[in-house]
1. How many nm separate the modelled label positions at Ile30 and Ser177, each set 7 Å beyond the Cα in the direction of the Cβ?
2. Which of the GluC sites (Glu not before Pro) found in segment 141-205 are loop residues per DSSP with 12 or fewer other Cβ atoms within 10 Å of their Cβ?
3. Rank the residues Thr200, Thr53, Thr144 as a footprinting-exposure proxy: fewest other Cβ atoms within 10 Å of their Cβ go first.
4. Which trypsin sites (Lys or Arg not before Pro) from segment 152-201 combine a DSSP loop assignment with at most 12 other Cβ atoms within 10 Å?
5. For Thr55, Thr185, which order do you get if you count the other beta carbons within 10 Å of each Cβ and list the fewest first?
6. How do Ile82, Ile95 rank when sorted from fewest to most other Cβ atoms within 10 Å of their own Cβ?
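Quick note: the coordinates plus some simple rules give every number you see, no bench work behind them. These numbers were taken from a predicted model, which means no experiment stands behind them. A quick note on method: Cβ atoms are made from the backbone with ideal geometry, for glycine too, and the neighbour counts reach across all protein chains shown.
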Amino acid sequence: MKKLFLALTCMLALVSCGARNNGPVNTHEIDSLMIDPFYSAGTHTYRIANTQTVTGLGTGNYSVSWYVDTEEWDFDPETNHIFSKIEFKKGKKIIGSFVDDEGWSYYGVENSKAIMFKSFMIDNDCTALVFRGGVYAAGIPELTIFVICGSEVKVVFNKEYHVVNVDDNRITIKKDSKGSDGSITISDGHISIVNDEYPTGKIIY
């Protein structure tokens, strides 16, 4: 009887250990307070501007296309760098489409190719794509972060911030000319923010 008890105990320990080893390493929650709603009013028509592939994802062929709103931004060469629709694909299948009339803009020009987003690996399965909001007039642009995992793309951050600098896995941000600098860091399987509101840091994904 004692031998049977010991054998059952060992078996339960092995099962428990296997469950722990085979379970998910990281779990992610999305904080809705970190996501301001996108703004879109009325019906618009779009023309495709460009498509870029996503680096940093181990499997699948991912790409992002962005579109100019032909009614709002296409008439003026000074503002047609504003893109109001973003479309995500895995292979030929659309896995996400997002519209914001205020739009997004380039990071700048590098080797004569405009950079529409910055990608950062979160872990082996997920990649974060950081978009800089449309820059025009005196408004504060939206900073948007999408996360692609498998066949899903989700918004995890959408707030008004200027992008000051992007260095490795750290994005320096600024609310306005009077505010102090903050930062968003993408590392160790998470996305976190440090700013005036969260001086000790807050995990946002």
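1. It works out to 3.5 nm between the two label points.
2. Passing both the DSSP loop test and the Cβ count: Glu197.
3. Going from least to most buried by this count: Thr200, Thr53, Thr144.
4. Working: sites: Lys154, Lys159, Arg170, Lys174, Lys175, Lys178; in loops: Lys175, Lys178.
Loop-located and lightly packed - Lys178.
5. Going from sparsest to densest Cβ surroundings: Thr55, Thr185.
6. Numbers: Ile82 25, Ile95 16.
Lowest count first: Ile95, Ile82.
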